[in-house]
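Have a look at the structure below, then the notes.
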Amino acid sequence: MWNKIDLENFEIKPFDLIANDWYLIGVKSRGRSNMMTASWGQIGHLWKKHVFTLYVRPQRFTRPLLDESDYFTVSVLPKQKEALNFLGRESGRDYSDKIKSSGLSETTIDGHVTVEEAELVLICKKLYRQQLEEDLFEDSELAEERYPNKDYSIQYIGEVVAAYHK
């Protein structure tokens, strides 16, 4: 059973959530849902809104779905590292149901895709997207290290419109 969280009293450890627990980016478009694992992102306040920022490389199957959708979800399930590894390694292009193939159970909250095993779900309304650019890196070594193939991530900023936990 999902319980709605009051965003004004929402407390998390953002560094643990993003870097250590990882999370799933969930999106639904053209009647197809997909989820991918991510460990880069930010949560904070921008433009007088609570926001979550995520980064997706252009070649990822999730990317065109994100571009087409008005919403995305952030689902946290720290006890599911094997499934998270699978969803980060495998492409939705290669599976008719990638989520089911991971061993997780797809569900929706307010019409937005997530998984039953999630402990925390953020529903985000997409506000902004922008491709990172090589010449804007102040630290060129960082660009070379993280993007040796020059496949710079696309940044998506979403307003956190709802949050749920179990």
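Only the coordinates and a few stated rules stand behind these numbers; no lab work does. The structure presented is a predicted model; accordingly, all values stated were derived computationally and were not measured. Backbone-built Cβ (ideal geometry, glycine too); neighbour counts: all protein chains shown.
Points worth noting:
- For beta carbons closer than 6 Å, sequence separation of 6+ or different chains, a first residue in segment 103-118 that is free of Cβ contacts under 8 Å to residues at least 40 places away in the same chain and more than 19 Å from LEU65 (Cβ to Cβ) and a second that is of a type outside the set (S, T, N, Q) and assigned to a loop (DSSP other than H, G, I, E, B), the qualifying pairs are SER105/GLU116.
- Residues (of a type in the set (Gly, Ala, Ser) and crowded, with 20+ Cβ neighbours inside 10 Å) located in segment 20-32: GLY26
- The one condition in (1) of a type in the set (D, E, K, R); (2) closer than 18 Å to VAL56 by Cβ; (3) surrounded by 14 or more Cβ atoms within 10 Å (Cβ to Cβ) that GLU119 fails to fulfil: (2)
- Of all residues in segment 1-60, those being of a type in the set (Phe, Trp, Tyr), in a loop (DSSP other than H, G, I, E, B) and within 19 Å of THR114 (Cα to Cα) number 3.
- Residues of segment 40-67 classified as surrounded by 14 or more Cβ atoms within 10 Å (Cβ to Cβ) and of a type in the set (Gly, Ala, Ser), total: 1
- Of the residues making up segment 147-164, those that are on the phi < 0 side of the Ramachandran plot and exposed (fewer than 15 other Cβ atoms within 10 Å of the Cβ) are PRO148, ASN149, ASP151.
- Note on segment 68-79: residues that are more than 12 Å from HIS112 (Cα to Cα) and either in contact with a Ser or Thr (Cβ under 8 Å, 6 or more places away or on another chain) or surrounded by fewer than 18 Cβ atoms within 10 Å (Cβ to Cβ) (or both) amount to 3.
- Some residue of segment 6-19 being under 12 Å from the mean Cα position of the chain (by Cα), surrounded by 21 or more Cβ atoms within 10 Å (Cβ to Cβ) and within 19 Å of LEU87 (Cα to Cα): yes
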